[in-house]
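K.L.:
One structure, as structure tokens, below. Some questions next.
The values are calculated or read from the model by the stated rules, or taken from the named source; none is laboratory data. All values derive from a computational prediction rather than experimental measurement. Positions of Cβ are backbone-derived with ideal geometry, glycine not excepted, and every protein chain shown enters the neighbour counts.
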Amino acid sequence: MILLDGKKTSQELKEEIAAEVTAMRQQGQKVPHLAAVIVGNDGASLTYVSSKVRSCEQVGFESTLVRLPEDTTQEDLLKEVAALNANEAIDGYIVQLPLPAHLDEEEVLLAIDPKKDVDGFHPTNFGRMALELESFIPATPFGIMQLLERYKVDTSGKHAVVIGRSHIVGRPISILLSQKGDFANATVTVAHSRTKDLKALLNQADIIVSALGVPNFVKADMVKPGAVVIDVGITRVEDASRPKGYRIVGDVDFEQVAEKASYITPVPGGVGPMTIAMLLKNTLLARRRAQS
Ligand code: GUN
């Protein structure tokens, strides 16, 4: 079994990005600037956003954190989005999801300038990605594709089963894995809550991508020997023995499944750290595209 080490790979990616930023600085070019908007005080969202901003500093980007109160109106949030669209200093930005229930997420995502949409959530980017045109690929599926590429995992003609059809992970990764190209060209099945006999289906899979959000759901008896297993789950589970009072648990029962898999991502330290590295990569791309 080979561990798909997202911690190490994301570190390498960040070093590559940092070297590019240093070169940009030396050539007197503007360095990438990422902004993140967060509405309210959700603990997990604040942790993710702080980590994104900290990563910007690590690679030499500029970053701006826009914190808005829980009771922000739709109108005020749309004004903030319009200001970020107009601000030439900002190359890319994200609006952290989920938004508080009173806000209309879809309207906000549609208001983001697709050229600055480094999350790749705007329909223009999603459509362009599906058509294999220049776009921003959402960070989590982009990170999975990078792991497959960097570890030279053979995906061509393999049967990939993706568990989950979310707009952020399941749907886009199913499109990317089936596209033409190296480390793609897979035959993809998308499984979801209405799928019949998921266990039998998973047993036919050469590649499993689990984006379900149910801790330890994928057991050894669901996995074919030699399968590639990508775990996108990051569920917080209460654990009094941990300093923070919780631990992060993936969708895959790692100890059981690792014995059967050819390649497997751990949680934590697999797909999670790749996601932030790919957001940085998208921000660098946004800067390069704005420049050319
Ligand atoms: N919430 C959970 N994941 C993400 C992400 O990748 N981007 C944004 N904007 N919000 C999220």
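K.L.:
Just wondering, is there one or more residues in segment 158-181 that are within 16 Å of the ligand (Cβ to nearest atom) and assigned to a strand (DSSP E or B)?
P.N.:
The answer is no, given that none of the residues of segment 158-181 is within 16 Å of the ligand (Cβ to nearest atom) and assigned to a strand (DSSP E or B).
Every residue, every condition in (1) of a type in the set (A, V, I, L, M, F, W, C); (2) in contact with a helix residue (DSSP H, G or I) (Cβ under 7 Å, 6 or more places away or on another chain), yes or no:
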{"residue": "M24", "(1), (2)": "yes, no"}
{"residue": "G28", "(1), (2)": "no, no"}
{"residue": "L46", "(1), (2)": "yes, no"}
{"residue": "D71", "(1), (2)": "no, no"}
{"residue": "E80", "(1), (2)": "no, no"}
{"residue": "I90", "(1), (2)": "yes, yes"}
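K.L.:
Another question, then. Return yes or no: is F126 of a type outside the set (K, R), away from the ligand (no atom under 13 Å from the Cβ), modelled with pLDDT of 95 or more and buried (at least 19 other Cβ atoms within 10 Å of the Cβ)? Steps first, answer last, please.
P.N.:
Details: of a type outside the set (K, R): yes; away from the ligand (no atom under 13 Å from the Cβ): yes; modelled with pLDDT of 95 or more: yes; buried (at least 19 other Cβ atoms within 10 Å of the Cβ): yes.
So F126 fits the description; yes.
K.L.:
Going by the conditions given, is Q291 in contact with a strand residue (DSSP E or B) (Cβ under 9 Å, 6 or more places away or on another chain) and loosely packed, with under 15 Cβ neighbours inside 10 Å? Outline the logic, then answer.
P.N.:
Numbers: in contact with a strand residue (DSSP E or B) (Cβ under 9 Å, 6 or more places away or on another chain): no; loosely packed, with under 15 Cβ neighbours inside 10 Å: yes.
In short, no.
K.L.:
Quick check: is even one residue across segment 64-81 surrounded by fewer than 17 Cβ atoms within 10 Å (Cβ to Cβ) and within 11 Å of the ligand (Cβ to nearest atom)?
P.N.:
No.
K.L.:
A follow-up question, please. Only residues in segment 100-123 that are in a helix (DSSP H, G or I) count as the first member; pair them with residues that are of a type in the set (F, W, Y), Cβ under 6 angstrom, at least 6 apart or cross-chain, and list the lot.
P.N.:
L109/F121; K116/Y93
K.L.:
Do you know which residues across segment 234-292 are touching a Leu at 6+ places or on another chain (Cβ under 7 Å) and over 24 Å from D154 (Cα atoms)?
P.N.:
Result: T283, single match.
K.L.:
May I pose another question? Within the bounds of segment 219-241, is there any residue that is over 23 Å from K8 (Cα atoms), touching a residue at least 40 places away in the same chain (Cβ under 8 Å) and crowded, with 23+ Cβ neighbours inside 10 Å?
P.N.:
No, because not a single residue in segment 219-241 is over 23 Å from K8 (Cα atoms), touching a residue at least 40 places away in the same chain (Cβ under 8 Å) and crowded, with 23+ Cβ neighbours inside 10 Å.
K.L.:
Just checking: which of the helices (runs of 4 or more DSSP H) contained wholly in segment 196-292 hold 3 or more residues that are within 16 Å of the ligand (Cβ to nearest atom) and in contact with an Asp or Glu (Cβ under 9 Å, 6 or more places away or on another chain)?
P.N.:
271-291
K.L.:
Please enumerate the residues belonging to segment 155-177 that are over 17 Å from the mean Cα position of the chain (by Cα) and surrounded by fewer than 16 Cβ atoms within 10 Å (Cβ to Cβ).
P.N.:
Pass one, segment 155-177, residues over 17 Å from the mean Cα position of the chain (by Cα): 155-161.
Across segment 155-177, the qualifying residues are S156, G157.
K.L.:
Sort out which residues of segment 17-43 are loosely packed, with under 13 Cβ neighbours inside 10 Å and either closer than 16 Å to N282 by Cα or within 16 Å of the ligand (Cβ to nearest atom) (or both), and write them in order of number.
P.N.:
A19, N41, G43
K.L.:
With (1) of a type in the set (S, T, N, Q); (2) crowded, with 16+ Cβ neighbours inside 10 Å; (3) free of Cβ contacts under 8 Å to residues at least 24 places away in the same chain as the list, and T189 as the residue in question, which single condition is left unmet?
P.N.:
The failed condition is (3).
K.L.:
Does segment 130-144 contain any residue that is of a type in the set (D, E), buried (at least 19 other Cβ atoms within 10 Å of the Cβ) and part of a loop (DSSP other than H, G, I, E, B)? Give the steps one after another, and end with the answer.
P.N.:
Within segment 130-144, the subset of a type in the set (D, E) is 132, 134.
Next, from what is left, pick out any that are buried (at least 19 other Cβ atoms within 10 Å of the Cβ): none.
No; the residues of segment 130-144 include none that is of a type in the set (D, E), buried (at least 19 other Cβ atoms within 10 Å of the Cβ) and part of a loop (DSSP other than H, G, I, E, B).
K.L.:
Now for a separate question. Which of (1) away from the ligand (no atom under 13 Å from the Cβ); (2) in contact with a Ser or Thr (Cβ under 9 Å, 6 or more places away or on another chain) is the odd one out, the single condition G120 does not satisfy?
P.N.:
The failed condition is (1).
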